[in-house]
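Take a look at the structure below.
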Amino acid sequence: MIMAAGRGERMRPLTDDTPKPLLQVRGKPLMQWPMEALAREGFLQLVVNTAWLGERIADHFGSVFVPQATPCNPDSLQNQEPMTIVYSHEGRDFGAALETAGGIARALPLLGEVFWVMAGDIHAPDFRFTHAAVERFVHSGRLAHLWLVPNPQHNPKGDFGLSPDGLALKDAAHKYTYSTIGLYRAALFAPPFCDIPAGNPQGIKSALAPLLRAAMDQGRVSAELYLGAWTDVGTPQRLAELNRS
């Protein structure tokens with residue numbers, strides 16, 4: 001699932017008429033980078049939630065996405081199977097985005113028992129969505145596995161700690177920033193962690209962090225540190241820096 005429902009207030013005026021995930025990074029929409037990365041590894045069923053200008057995302061990608069090879073890397077996507085896309089239109093159905101947990105709960109009937117989640121406004125061009133990571137997660141019995149990154153300037157205090165044995169911690173002397181990339185089990189979005197019914201028929205807004213912290217209290221969230229290129233494209237300045245590099 002790619003989360004693409006946010007308004008992008010800090011990106012204004014760029015997002016006044018373009019949803020943030022469609023802003024161009026090095027010649028293609030920001031959210032297309034993880035779409036291509038998922039497709040390369042054979043993850044070919046995608047759910048995208050939308051709200052602000054969500055119809056433009058659906059119009060741009062449609063229901064079938066076939067990644068195209070580039071002149072710089074002509075063989076990378078040869079014989080690539082198409083990716084099917086299903087949309088969860090929070091803006092159309094409820095008038096606004098439902099926040100991360102609310103959006104995932106809304107899309108839960110479209111998702112499997114285990115699924116990837118990533119924000120559509122993150123640029124992590126070297127991240128690999130591997131089947132090996134999914135297998136490890138499935139056999140771990142955890143409810144979530146998070147990829148953490150060194151703290152950027154705009155989040156110096158970080159979000160979560162990391163224990164020596166790979167558990168995510170809500171309290172730690174040193175915290176890292178949650179990259180927004182994670183593997184999740186549907187059980188995290190059910191009682192006792194989440195009281196929103198699957199499908200979120202009432203359109204309840206709910207943040208993800210409280211669910212993660214409750215699961216961390218039970219030792220059911222693992223994590224690892226990701227040291228590859230990563231940018232939270234949250235301001236026009238960060239977008240410009242990416243396109244200059």
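I want to check a number: in the chain, how many lysine pairs have alpha carbons closer than 24 Å, given a sequence separation of 8 or more or different chains?
Working: Lys20/Lys28; Lys20/Lys205; Lys157/Lys170; Lys157/Lys175; Lys170/Lys205.
Value for the chain: 5.
Beyond 28 Å, what percent of the Cα pairs of the chain remain?
30
Quick check on the chain: helices-only [θ] at 222 nm, where DSSP H runs of length 4 and up contribute -39,500 (n - 2.57) each and the sum goes over total residues. Nearest 500, please.
Details: 7 runs with 59 residues, N = 245.
One gets -6500 deg cm²/dmol as the mean residue ellipticity at 222 nm.
Using Cα-Cα distances under 8 Å and only pairs 6 or more residues apart, what relative contact order does the chain have, in percent? Could you put the intermediate results ahead of the total?
Working: 469 pairs, mean separation 58.3, N = 245.
For the chain, the relative contact order is 24 percent.
Of all the Cα-Cα pairs you can form in region 1-128, what percent are over 22 Å apart? Provide the component values of the computation, followed by the final result.
Numbers: 2642 of 8128 pairs.
Tail of P(r) above 22 Å: 33 percent of Cα pairs.
Put +1 on the Cβ of every Lys and Arg and -1 on every Asp and Glu Cβ in the chain; which of Met216, Ala229, Pro152 then has its Cα farthest towards the positive end of the dipole?
Working it through, the farthest residue towards the positive pole turns out to be Pro152.
With springs connecting C-alpha atoms under 10 Å apart, model the chain as a Gaussian network and identify which of Asn49, Asn155, Asn200 has the largest mean-square fluctuation.
Comparing Asn49, Asn155, Asn200 in the GNM, the peak value goes to Asn155.
Most mobile of Ala198, Ala229, Ala39 per a Gaussian network model of the chain (Cα springs, under 10 Å)?
With Cα springs under 10 Å in the chain, the top fluctuation among Ala198, Ala229, Ala39 is at Ala229.
What whole number of Å gives the distance from the Cα centroid of region 1-70 to the Cα centroid of region 151-202?
When both Cα centres are located, 23 Å separates them.
When Lys and Arg each count +1 and Asp and Glu each count -1, what net charge do the other residues less than 10 Å away from Gly102, Cβ to Cβ, add up to? All intermediate terms of the calculation are to be shown ahead of the outcome.
Values: positive: Arg106, Lys205; negative: Glu90, Glu99.
Net of charged neighbours comes to 0.
Could you put Arg40, Arg7, Arg26, Arg142 in order, starting from the residue whose Cβ has the fewest other Cβ atoms within 10 Å? Working shown, then result.
On the way: Arg40 14, Arg7 17, Arg26 11, Arg142 24.
Exposure proxy ranking, most exposed first: Arg26, Arg40, Arg7, Arg142.
Most exposed first by the Cβ proxy, i.e. fewest other Cβ within 10 Å, how do Arg12, Arg238 rank?
Working: Arg12 12, Arg238 18.
The most exposed by this proxy come first: Arg12, Arg238.
No lab work stands behind these numbers, since they all come straight from the coordinates. Just so we're clear, the structure is a prediction, and the values are computed from it rather than from any experiment. Cβ sites come from the backbone with ideal geometry, for glycine too, and all protein chains shown count toward neighbours.
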